[in-house]
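Following: one structure in C-alpha cells, then a few remarks.
The values are calculated or read from the model by the stated rules, or taken from the named source; none is laboratory data. It should be emphasised that the depicted structure is a prediction, and the values quoted were computed from it without experimental measurement. Heads up, the Cβs are rebuilt from the backbone with ideal geometry, glycines too, and the neighbour counts pull from every protein chain shown.
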Amino acid sequence: MKRLIMAIEKHTKLYLAWLLIMVLFWIWIFGFFTRISAEEKVSVFVGAYSHSFEAYGYINEKAYLPEYIRTVEVNVHSVEEDAFEAMLQVFGYGEADILILPESYIQFCIHHYSPISVEYQNLFYDMGCDLGWYEEQGIVYGIQVYDKNSDQSLMPYLEYTQQNVPKENFYLLFNLDSLHTSNLSGEKQQNLMDAAIIVAKRMFSYEEN
Amino acid sequence: MIKLYSPQELIEIEKKEKSYVSKSFVLILFTVIGCSILCCFVSENNASVLRIINTICSTMAGWILICWYLDFIVPMRHRKKYVQQLLVTEGGLFAGEVKQISGPITLEKEICVYKLALSLGEEEIILYWDSTKTLPSFLNQNVQFRAVHHKVTAYEVLK
C-alpha cells in the first residue's frame, strides 16, 4: 500500500492530466450526442443592455411550440460587451433565427435580414406591434420593439437604455438564412417551417408579473 | 557457489509481465465496451448522468492502467533486461573480506542494490548486491563473489 501511495505521488501530474483529458473528452462526445440541429430549435439573439432574459421559460413552453421544435435557445449579449460584434457574427448572423438589435447595428448589415411581407406586417400590427418598422428602400425588415422618443416598448422585460449612452430604437428582425420563417418575405421559395414567427409572436405576448 | 539468478526467475518475471499486460488489455476492452454501451442509451434526460458515469469509469480505468504500466510493467521489463544480462555474461571472480555494507541505492532503470566494499589485500572494490535478494551477514567475512560489471551473480563464504 505504501508503495502504491508513493507511486501515485510520483506521477500526480499524469493522473491529473488524464482526469482533465477524460472530462473534456466526454463533454465533447456528449455535446455531439445531445446536439440539437437547426431544424429542431429556434434561436434568439438579444443584443440590448440586458444580461438575462426573463421570458425564457414562457417562450420555451412546449404547449404552443410546433412538435418538431425541441427547444428555444436564447443568447443574451449586452451591447456594451467588448466582444459584442464577434458574438453577433457567430451567434447572431451565424445561428439565430430571431435577432433583437439597436438601429446602429442594423443599417450596415441589412443583407442578413429577411424582408417582412405586407401580410405578416398586418399580422404583427394586429397583435399590437404598432411602434413602427425598420425600412430600407421601401422594404420592411424589422419590427420596432423600443421607441427612443416615447420610451415605449413592446418587450418591457428588456433593457434598452444605459446611462451616458445615447438612446436608440430597437428592432426585432428575422435572419434571412433562418429555416423557420416560412413565407415571411412573401417569396415562393421559402420553407414550410414557421416556428420563428410563432416564437416572435410569443415574445410580444409576454407580460411581466 | 550459491547462484543468485536462474533462468526460472526470468520465466517468472516474464509471466508476471504478461499477466499485467493481458489484465491491462482486458481493462481497456471492458471500459471501451462499457462506455460505448452507455453511449447507446443517451437521451436528453439522462445525458448528464451518463456523462458523469463515463467520465468516472474511464478516468478510474486510465489511472489503474497508468499505475500498472509505470509501476509494475515498466520496472518488470527493466528487471528482465537486468537479469538477462547477468545470466548471459559469465563475469569475474573476486575474493576478499567484506569491509562495509551500505545502501540500498538505486542504479539505472530503477534497480535497487546494496553496496558492498570488498577488500582485496591493498585494493578495495565496490560490488552491488540486488536488494530483492536476501543479504547474508557478510560483514568482516571472507567471501568469494562472481560479479558482472560489479553486480554480484553468485557467492561463496570462504572459511
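Quick notes
- From A:Val23, A:Val46, A:Val42, residue being in contact with a helix residue (DSSP H, G or I) (Cβ under 9 Å, 6 or more places away or on another chain), surrounded by 10 or more Cβ atoms within 10 Å (Cβ to Cβ) and more than 10 Å from every other protein chain (Cβ to nearest Cβ): A:Val42
- Among (1) loosely packed, with under 11 Cβ neighbours inside 10 Å; (2) more than 14 Å from chain B (Cβ to nearest Cβ), the one test that A:Leu16 misses: (2)
- Residue within region B:6-26 that is out of contact with any helix residue (DSSP H, G or I) (no Cβ under 7 Å at 6 or more places or on another chain), among the β-branched types (Val, Ile, Thr), farther than 22 Å from A:Leu24 by Cβ and in a strand (DSSP E or B) present: no
- Boolean, B:Glu90 is of a type in the set (D, E, K, R), loosely packed, with under 13 Cβ neighbours inside 10 Å and over 18 Å from B:Tyr5 (Cβ atoms): no
- Test for B:Trp68: is it in a helix (DSSP H, G or I), closer than 30 Å to A:Ile21 by Cβ, in contact (Cβ under 8 Å) with a residue 24 or more places away in the chain and of a type in the set (A, V, I, L, M, F, W, C): yes
Residue-wise test of (1) in contact with a strand residue (DSSP E or B) (Cβ under 9 Å, 6 or more places away or on another chain); (2) among the aromatic types (Phe, Trp, Tyr); (3) away from chain B (no Cβ under 14 Å); (4) closer than 28 Å to B:Phe72 by Cα.
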position	(1), (2), (3), (4)
A:Ala7	no, no, no, yes
A:Lys10	no, no, no, yes
A:Ile27	no, no, no, no
A:Val74	yes, no, yes, no
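- Any hit, region A:149-169, residues being in a strand (DSSP E or B), surrounded by 22 or more Cβ atoms within 10 Å (Cβ to Cβ), under 20 Å from the mean Cα position of the chain (by Cα) and modelled with pLDDT of 90 or more: no
- Taking region A:124-176 as the range and being free of Cβ contacts under 8 Å to residues at least 24 places away in the same chain and touching a Lys or Arg at 6+ places or on another chain (Cβ under 9 Å) as the test, the residues that pass are A:Lys148, A:Asn149, A:Asp151, A:Pro166, A:Lys167.
- Among the residues making up region B:59-95, a single one is within 10 Å of chain A (Cβ to nearest Cβ) and of a type in the set (D, E, K, R): B:Asp71.
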